1. From ARG201, ARG252, ARG214, ARG248, grab the single residue that is closer than 19 Å to ARG122 by Cβ and without any contact (Cβ under 8 Å) to a residue 60 or more places away in the chain.
2. So which residues in the range 62-89 are of a type in the set (Gly, Ala, Ser) and either surrounded by 17 or more Cβ atoms within 10 Å (Cβ to Cβ) or within 15 Å of ILE12 (Cα to Cα) (or both)?
3. Given LEU267, LEU184, which one is of a type in the set (A, V, I, L, M), under 29 Å from LEU143 (Cβ atoms) and free of Cβ contacts under 8 Å to residues at least 40 places away in the same chain?
4. Please go through the range 37-61 and give me each residue that is of a type outside the set (D, E, K, R) and open to solvent by 30 Å² or more (accessible area, probe 1.4 Å), ordered by number.
5. Please give the number of the condition GLN10 fails out of (1) at pLDDT 95 or above; (2) part of a helix (DSSP H, G or I); (3) more than 21 Å from the chain's Cα centre (by Cα).
6. For the range 148-166, what are the residues that are in a helix (DSSP H, G or I) and within 27 Å of the chain's Cα centre (by Cα)?
7. Would you check if LYS4 is open to solvent by 30 Å² or more (accessible area, probe 1.4 Å), basic (Lys, Arg) and part of a helix (DSSP H, G or I)?
8. Please enumerate the residues belonging to the range 130-148 that are in contact with a Leu (Cβ under 7 Å, 6 or more places away or on another chain), under 19 Å from LEU58 (Cβ atoms) and either of a type outside the set (S, T, N, Q) or loosely packed, with under 15 Cβ neighbours inside 10 Å (or both).
Amino acid sequence: MHIKLPQTAQEIMNWPWTKIEPYYQELEARLLNAQSMDQWMQDWSDLSRLLYESEQRLMVATTVDTSDSQAGANYHIYLDQIYSPSQAAEQRLKNKLIGSGLEPKDFSVPLRNMRAEVELFRRENLPLLSEQLKLATEYDKILGVQTVLWEGQEVTLQQLDLVLEDPERTRRERAWRLMLERWLADRSAINELWVRFMDGRRQLAHNAECPDFRAYRWKQMLRFDYSPADCETFHQAIETEVLPAAERLIERRRNRMGIASVRPWDLLADANARPP
């Protein structure tokens with residue numbers, strides 16, 4: 001007997017794992033054969049979709065207002081109590097489908113991806129992956145409180161960014177330097193956060209028996225059609241072909257603006273001094 005799923009992600013956003021787990025257990029225990037495969041896949045897809053949407057809603061709430069401590073707490077509860085066991089349960093269902101030898105129609109690419117995910121999966125990486133998501137919210141918090149006093153008014157850096165389109169060059173430069181000063185004020189905190197990111201990423205790669213995080217991330221992103229070497233070739237092509245074209249565009253901008261050299265605060269303003 002199948003367990004009826006909730007209709008919306010909002011219904012399960014605050015559920016503990018003990019209420020979610022039975023849905024995975026039922027799918028894991030259910031008979032899987034050619035006759036039941038379509039319904040089984042549909043039910044699994046619906047469950048995964050609801051859970052993913054609830055995670056995304058909780059994450060987005062932390063970005064809407066980075067000072068909202070309750071939103072941050074709700075997201076961390078999800079990461080601590082739901083994320084890891086749900087990922088482990090997803091892994092068991094992938095193993096069940098792959099082990100069955102069944103292949104749904106037009107499902108060769110998803111199955112290829114699923115096999116790669118199964119190969120990369122390590123249970124000991126689940127808390128590390130959760131921690132990486134938490135660090136991302138910490139980064140958002142650092143940026144979210146970055147404000148400056150501009151012409152007598154407290155504004156965010158995103159608001160001040162609009163001044164870089166102003167026709168008045170001295171005003172643009174003042175805004176740009178003020179933004180960079182505010183960024184640099186958080187330099188130590190961002191650097192410390194980056195070290196924590198890197199430590200976790202190295203451990204993820206080590207646990208998955210990958211030579212480095214790039215190799216791990218390459219598999220995680222399911223990049224089958226091009227290699228790191230292809231990317232290096234692409235970068236070289238950009239340097240050879242695109243960079244000279246960009247330099248010509250900047251020189252054209254310099255001439256139109258009538259300035260000795262184009263500075264960072266000159267890149268967003270209209271080259272003909274028209275208002276934004």
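1. On the way: ARG201 fails: without any contact (Cβ under 8 Å) to a residue 60 or more places away in the chain; ARG252 fails: closer than 19 Å to ARG122 by Cβ; ARG248 fails: closer than 19 Å to ARG122 by Cβ.
Among ARG201, ARG252, ARG214, ARG248, only ARG214 is closer than 19 Å to ARG122 by Cβ and without any contact (Cβ under 8 Å) to a residue 60 or more places away in the chain.
2. Initially, the range 62-89 is screened for residues of a type in the set (Gly, Ala, Ser), giving 67, 69, 71-73, 84, 86, 88-89.
Of everything in the range 62-89, those that are of a type in the set (Gly, Ala, Ser) and either surrounded by 17 or more Cβ atoms within 10 Å (Cβ to Cβ) or within 15 Å of ILE12 (Cα to Cα) (or both) turn out to be ALA71, GLY72, SER84, SER86, ALA89.
3. Numbers: LEU267 fails: free of Cβ contacts under 8 Å to residues at least 40 places away in the same chain.
LEU184 is the lone residue from the list that is of a type in the set (A, V, I, L, M), under 29 Å from LEU143 (Cβ atoms) and free of Cβ contacts under 8 Å to residues at least 40 places away in the same chain.
4. Result: GLN39, MET41, GLN42, SER45, SER48, TYR52, GLN56, MET59, VAL60, ALA61.
5. Among (1) at pLDDT 95 or above; (2) part of a helix (DSSP H, G or I); (3) more than 21 Å from the chain's Cα centre (by Cα), GLN10 violates only (1).
6. Pass one, the range 148-166, residues in a helix (DSSP H, G or I): 157-165.
Listed by number, the residues that qualify are LEU157, GLN158, GLN159, LEU160, ASP161, LEU162.
7. Details: open to solvent by 30 Å² or more (accessible area, probe 1.4 Å): yes; basic (Lys, Arg): yes; part of a helix (DSSP H, G or I): no.
Criteria not met by LYS4.
8. Answer for the range 130-148, where residues must be in contact with a Leu (Cβ under 7 Å, 6 or more places away or on another chain), under 19 Å from LEU58 (Cβ atoms) and either of a type outside the set (S, T, N, Q) or loosely packed, with under 15 Cβ neighbours inside 10 Å (or both): LEU133, LYS134, LEU135, GLU138, TYR139.
The values are calculated or read from the model by the stated rules, or taken from the named source; none is laboratory data. Computed from a predicted model, the values in this text were never measured in an experiment. Methodologically, a virtual Cβ is constructed for each residue, glycine included, from the backbone with ideal geometry; neighbour enumeration extends over all protein chains shown. Side chains included, ligands, DNA and RNA excluded: accessible areas come from the protein's heavy atoms. Shrake-Rupley method; radii C 1.70, N 1.55, O 1.52, S 1.80 Å.
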